[in-house]
1. In whole percent, and with a 1.4 Å probe on the protein chains, what portion of the accessible area of region B:283-392 is carbon and sulfur?
2. Can you classify region A:32-173 as rounded, prolate or oblate using the Cα gyration tensor, where a ≥ b ≥ c are the square roots of its eigenvalues, rounded means a/c under 1.5, and otherwise it's prolate if a/b beats b/c and oblate if not?
3. Taking the Cα centroid of region B:317-367 and of region A:105-137, what is the distance between the two, rounded to the nearest whole Å?
4. Once you charge only the Cβ atoms, +1 for Lys and Arg and -1 for Asp and Glu, what is the size of the charge dipole of region B:74-134 about its Cα centre, to the nearest 20 debye?
5. Do any residues of region B:270-284 show a loss of at least 40 square angstrom of accessible area between the isolated chain and the full protein assembly, using a 1.4 Å probe, and if so which?
6. Pull up all non-local amide H partners of residue A:29: gap of 5 or more, or a different chain, and H-to-H distance under 5 Å with H placed in the peptide plane.
7. What share of Cα pairs, in percent, lie more than 19 angstrom apart in region B:283-392?
8. At a 1.4 Å probe, which residues in region A:74-90 are at least 40 Å² less accessible with all protein chains present than in their chain isolated?
Amino acid sequence: MKPRFWICVILLALLASCAHGGGKPPLTFNAAVPEGWKQIATDDTMMFMTKDGGYKQFVLIRERPLAEPFQFTNKRLQPGMLPEAAAQIIANEILADSNIHNFSVTENIPARIAGNSGFKLAFVYTDADGYIFKTLYYGFIKGDTFYNIRYGASEEEYFQKDLKTFEEVFKSFNLVAAK
Amino acid sequence: MAGPNCAKTIKRPKAVFAVVIVLCLCWGCSSPGATVSSSGTRGERMTQLLIFETHREQSAIARRSTVYREPHLEQHLERMLVRLMPTKAPEGTIPRVVLISDHGLNAYSFPDGAIYIHTGLLSHLENEAELALLLAHELAHVTGRHALRVLAAIPADTDVTVFDRALSDSMSWFHDMVAPKELAYPSERLSSLRRSLEQEADRVGLDMVIKAIYDPYEALEIFGHLREGDGKGTGADRAAALLEALTPIDSAPGRLTDRRSFGKHLQQLLLDQARLELRQGRWHEALRCARRLVRDAPSHASGYFLLGEILRQRNEAGDTPQALSHYFQAVVFDPSLPGPHKAIGLIYLEQGQARLAKSFFENALALAPHSHDNEYIRSYLTQCIIKIEGEDL
């Protein structure tokens with residue numbers, strides 16, 4: 001019994017180290033970081049990149065399990081959900097955030113994202129510090145994961161200037177392993 | 001909003017620290033033994049501090065909340081305030097109501113006469129007398145200058161952040177009982193004062209209600225209705241104490257308010273509240289508001305559409321047939337409303353009935369050719385056509 005017990009303990013320890021020791025799990029998507037932009041390291045399953053700082057412009061690509069609850073709405077994304085319904089939940093989540101003001105959706109249309117059916121939201125909002133952000137938000141559900149690609153800029157000038165760069169990042173986005 | 005939020009968390013403590021410093025300076029000026037030489041001067045400084053605090057709190061609320069605007073309801077509330085006001089408002093106060101779009105069961109007042117009411121609380125009221133008691137209670141806080149009395153009772157050496165917390169919540173109506181905040185108060189004496197001020201506001205408020213010829217028994221139903229929303233059974237003692245104080249004369253005939261008329265004033269608010277609750281996925285509350293709306297307005301097409309939306313989006317067992325039934329009701333009451341047509345189309349599409357779905361999507365497009373969601377409807381139509389062509393082959 002004893003050797004078997006110790007084998008179990010070692011196996012469990014190995015499993016635990018796989019789960020925690022390696023930091024965040026590997027991303028299941030790829031995207032190119034544009035020249036002159038820097039990728040900011042985070043503990044979440046996301047890529048965050050900016051050229052002049054997050055308050056000027058940013059591209060945020062994130063994957064999140066569908067089971068992960070949202071912070072402000074109790075609604076849940078579901079596998080096989082229509083893109084329009086998913087877009088509605090995302091808009092509801094942002095609208096329910098008390099740090100976000102003057103939230104206004106300017107576009108909500110179906111979109112193809114790396115060959116997947118999804119949605120494209122365009123919206124503006126003012127954050128708690130009074131910064132006005134203009135954002136493009138693409139999202140789609142694949143299996144049990146929700147992927148989203150966001151481009152945000154605090155001023156129209158920055159938004160327009162880096163829009164083409166974002167489009168390049170968007171085009172480079174691809175899934176490397178389906179969950 | 002991950003990017004910008006990273007910076008926000010760093011900025012806030014600085015702002016809070018600055019406010020605390022300013023408040024400490026104000027408090028330092030107002031404490032006896034510093035620059036204050038007479039009680040009259042201290043009173044003036046306290047009043048100034050209250051004005052400062054009132055502006056600060058109201059600005060903070062404006063930053064973090066959404067003011068709810070509904071002109072008809074606001075006019076009705078103003079008329080009620082005039083009816084309830086015993087005499088002229090005290091100097092420096094202008095009684096007025098500010099509605100906050102929020103699901104909370106909360107109302108509070110400020111020394112300048114502003115009475116803040118959360119739409120979630122209003123959506124629970126069933127008659128005008130209940131609303132009158134709510135307003136009268138807050139008016140009693142204003143006319144009795146309760147905030148000043150709380151401020152005067154705070155020891156001069158109290159940590160200003162604790163004082164700040166106490167003041168901001170001191171005038172809460174129902175929320176106080178739901179979320180005990182006794183720990184936030186520096187002393188039992190202050191807690192006791194606060195409780196006695198709430199009781200005083202209850203008594204004075206009920207007196208205002210009776211003088212304004214509302215039925216006090218009908219008014220006291222507010223506690224039962226708020227308990228239903230709270231689900232914790234709070235407020236029973238308060239209602240019982242007020243009931244005991246009533247005399248048989250107070251229930252003179254002819255005082256009962258017209259519930260249908262009150263329901264009319266709340267229709268738009270119930271619709272908007274149901275939408276708010278739906279956005280936040282608070283299904284039970286969303287259903288309560290929408291059901292109440294169609295109960296009060298049985299031919300309210302948007303109310304039936306919203307009921308359908310709540311059930312379709314919740315998508316629990318048995319929800320879809322009910323949702324479909326509500327959508328059809330909405331179409332009956334207002335055939336020109338595009339939303340129900342689209343929603344019926346979505347249900348049929350999901351059930352594989354492409355031909356039926358197609359006709360409803362076409363209706364939706366025809367009814368609102370420039371709607372913001374037409375790109376989606378066209379994509380659903382394409383799916384229908386592909387399916388129909390597949391069936392025909």
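The values are calculated or read from the model by the stated rules, or taken from the named source; none is laboratory data. A quick note: this is a predicted structure, and the numbers were derived from the prediction, not measured. We place every Cβ from the backbone using ideal geometry, glycine too, and count neighbours over all the protein chains shown. With ligands, DNA and RNA removed, areas are computed over all heavy atoms of the protein, side chains included. Shrake-Rupley method; radii C 1.70, N 1.55, O 1.52, S 1.80 Å.
1. Numbers: 2850 of 5220 Å².
The computed percentage sits at 55.
2. Numbers: a/c = 1.55, a/b = 1.21, b/c = 1.28.
Verdict is oblate for region A:32-173.
3. The distance from the Cα centre of region B:317-367 to that of region A:105-137 comes to 28 Å.
4. On the way: 4 positive and 8 negative charges, 38 e Å.
It works out to roughly 180 debye.
5. So the qualifying set is B:279, B:280.
6. Under 5 Å from the amide H of residue A:29: A:176.
7. On the way: 2707 of 5995 pairs.
Summing the P(r) of region B:283-392 above 19 Å gives 45 percent of all pairs.
8. A:74, A:75, A:82, A:84
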